[in-house]
Amino acid sequence: MASIPAAAQVLGRVILVTGKEEFLSERTVQGVRAGVKAFDVEAEIAESSASELTLASLGEMAAPSLFSSTRCVVVRGLEGLADDCYDGILDYASAPVDDISLVLVHGGGQKGSGLLAKLRKLPAVTEVKSEEIKPGDLSRFVASEFAGLGAKIAPDAATFLVTAVGGDLRSLAAAAHQLTNDFPGEQLTVEKVQRYFGGRAEAKSFAVADAAFAGRKAQALEELRWAMDGGTAAVLITSAMAGSARSLARFLGAPNGMREGDLARDLGVPPWKVRQVRDQSRAWTPEGISAALRAVAVADADIKGQAHDAAYTLERLVLTVAGLRAGR
């Protein structure tokens, strides 16, 4: 959730926004703009691409207008700034104008790293990093979005939302806004999130796989029929089943005492998923997982070979996998 900084935090200062996560960078820029406008509603906003910037144009952008001396100047793509403009930017950042907020946005990478190093040493420069969020941290991002909106979401609901919506931060933030507006003052539970996002094909597929590998036959069949009725492609379901089987196989083959973060990397899953895999693994043997992988491979081949009855093929797969687990 974007926060609006106080004028003292941005006016007379240089805000250096760095990192590859464009959504977070843009959020910072919009927050600075809002802070300047909150201080002076008539404040001027000026933007430019660094590749088109000259010392003369920077001076013009920072000059007071007839309406207000307060300005927010945004320079995007700082990595594209011409070398002969470096000294001008550094000179300004050494003694910024009191009524001006200069926002410099660098999209990441090594280009322009020398300029960044010099800017970071200046007392009037505040750096805001927009680092890419790893898949394992998406649920934490979701929780922070709801917290910023004055709402709470249960951990399993945050996990489900990530599964349903995916890893795009903009989409997750939009989902948080929608759910908070529709359930004001209420904690967001899995049931509430499912009401809006349970129809996503990926979410349905993983629900089938989770129930099957947990040995819950009735629930797995129910999830499967719901997924098929909703138009979920059969190959998405076999893909989710294969992913669950591979994660369990890797977990069972992992050395004892591995840290959760290391396990997550080895399994190819986010950290929250490690706990689920660990719980499921207690009822599986390497032999059982091998049999499950073979069953998934057969079903996948049948479906891709245009089996006459994909629903039957998937039902047989779900029952086979759930039976292998329950038969330990």
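The values are calculated or read from the model by the stated rules, or taken from the named source; none is laboratory data. None of these values were measured; they are calculated from a predicted model. So basically every Cβ, Gly included, is an ideal-geometry build from the backbone, and we count neighbours across all protein chains shown. Note: accessible area is taken over every heavy atom of the protein model, side chains too, but ligands, DNA and RNA are not part of it. Shrake-Rupley method; radii C 1.70, N 1.55, O 1.52, S 1.80 Å.
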Of the conditions (1) open to solvent by 50 Å² or more (accessible area, probe 1.4 Å); (2) within 30 Å of R140 (Cβ to Cβ), D229 clears all except one; give me its number. (2)
Determine the pairs where a residue that is aliphatic (A, V, I, L, M), located within the stretch 76-97, has a partner that is open to solvent by 70 Å² or more (accessible area, probe 1.4 Å) and not in a helix (DSSP H, G or I) with Cβ atoms under 9 Å apart, the partner being 6 or more residues away or on another chain. V97/P64
S247 vs. criteria closer than 22 Å to G215 by Cβ, of a type in the set (G, A, S), open to solvent by 60 Å² or more (accessible area, probe 1.4 Å) and within 25 Å of the chain's Cα centre (by Cα): no
Any residue that is open to solvent by less than 50 Å² (accessible area, probe 1.4 Å), modelled with pLDDT of 90 or more and among the polar types (S, T, N, Q) - is there at least one of those in the stretch 86-95? no
Would you confirm whether any residue within the stretch 60-69 is open to solvent by less than 40 Å² (accessible area, probe 1.4 Å), part of a loop (DSSP other than H, G, I, E, B), of a type in the set (G, A, S) and at pLDDT 90 or above? no
Single residue of Q110, Q9 found to be within 22 Å of K121 (Cβ to Cβ), free of Cβ contacts under 8 Å to residues at least 12 places away in the same chain and of a type outside the set (D, E, K, R): Q110
In the stretch 150-172, what residues are modelled with pLDDT of 90 or more and over 27 Å from L263 (Cβ atoms)? G150, A151, K152
Identify, from the list A220, A264, the residue that is at pLDDT 80 or above, within 26 Å of G136 (Cα to Cα) and either under 30 Å from the mean Cα position of the chain (by Cα) or open to solvent by 30 Å² or more (accessible area, probe 1.4 Å) (or both). A220
Looking at the stretch 140-160, I want the residues that are open to solvent by 50 Å² or more (accessible area, probe 1.4 Å) and have a partner that is assigned to a loop (DSSP other than H, G, I, E, B) and not hydroxyl-bearing (S, T, Y) with Cβ atoms under 7 Å, at least 6 apart or on another chain. Which pairs are those? K152/Q187
Could you tell me which residue of the stretch 18-32 is surrounded by the fewest Cβ atoms within 10 Å (Cβ to Cβ), considering only residues that are under 22 Å from A117 (Cβ atoms) and touching a Lys or Arg at 6+ places or on another chain (Cβ under 6 Å)? G19
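Here is a yes/no grid of residues against (1) within 27 Å of K204 (Cβ to Cβ); (2) open to solvent by 20 Å² or more (accessible area, probe 1.4 Å):
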residue	(1), (2)
A124	no, no
V128	no, yes
L138	yes, no
V162	yes, no
L169	yes, no
Being closer than 14 Å to Q187 by Cα and not acidic (D, E) is the requirement here; does G136 meet it? no
Within the stretch 178-200, which residues are surrounded by 14 or more Cβ atoms within 10 Å (Cβ to Cβ), part of a helix (DSSP H, G or I) and either out of contact with any strand residue (DSSP E or B) (no Cβ under 6 Å at 6 or more places or on another chain) or among the small types (G, A, S) (or both)? T180, V190, K192, V193, Q194, Y196, F197
The residue that is farthest from I89 (Cα to Cα), considering only those in the stretch 1-53 that are in contact with a helix residue (DSSP H, G or I) (Cβ under 9 Å, 6 or more places away or on another chain), part of a loop (DSSP other than H, G, I, E, B) and of a type in the set (A, V, I, L, M), is M1
Against the definition (part of a helix (DSSP H, G or I) and open to solvent by less than 40 Å² (accessible area, probe 1.4 Å)), how does A174 come out, yes or no? no
On the given criteria, is T189 within 21 Å of L236 (Cβ to Cβ) and in contact (Cβ under 8 Å) with a residue 24 or more places away in the chain? no
